[in-house]
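Below is one structure, written out as structure tokens; comments come after it.
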């Protein structure tokens, strides 16, 4: 009756990141930190987990002398997010 929820996406912060990235072409680290309210260290760890799963791509570069981390969702990440939403719907149906 209930579909299994993806444990990687069931984390509040990882779900928030994926929810932001699903609606934009890309987002930088500072924007994600501001939107989620996460600490830099925690956000960095969670982004790494999403990247290792293949759900997001992380591009590191410099803007002038300032480091810049840009994140974008992958096709695999879009699919995983859609599956998560569908699984969640099975819990909401009455």
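Looking across the range 25-55, the residues that are without any contact (Cβ under 8 Å) to a residue 40 or more places away in the chain and closer than 15 Å to residue 74 by Cα come down to 47, 48, 51, 52, 54. Only a single criterion out of (1) at pLDDT below 95; (2) touching a helix residue (DSSP H, G or I) at 6+ places or on another chain (Cβ under 6 Å); (3) assigned to a helix (DSSP H, G or I) is not satisfied by residue 14, namely (1). Within the range 22-48, if we keep just the residues that are surrounded by 13 or more Cβ atoms within 10 Å (Cβ to Cβ) and part of a loop (DSSP other than H, G, I, E, B), the residue that is nearest to the chain's Cα centre (by Cα) turns out to be 22. Across the range 58-94, which residue is surrounded by the fewest Cβ atoms within 10 Å (Cβ to Cβ) among those that are touching a helix residue (DSSP H, G or I) at 6+ places or on another chain (Cβ under 7 Å) and assigned to a helix (DSSP H, G or I)? Across the range 58-94, the extreme among qualifying residues is 81.
The values are calculated or read from the model by the stated rules, or taken from the named source; none is laboratory data. Bear in mind that the values here come from a model prediction, so they are computed numbers and not experimental data. Every residue, glycine as well, gets a Cβ built from its backbone with ideal geometry; the counts of neighbours run over all protein chains shown.
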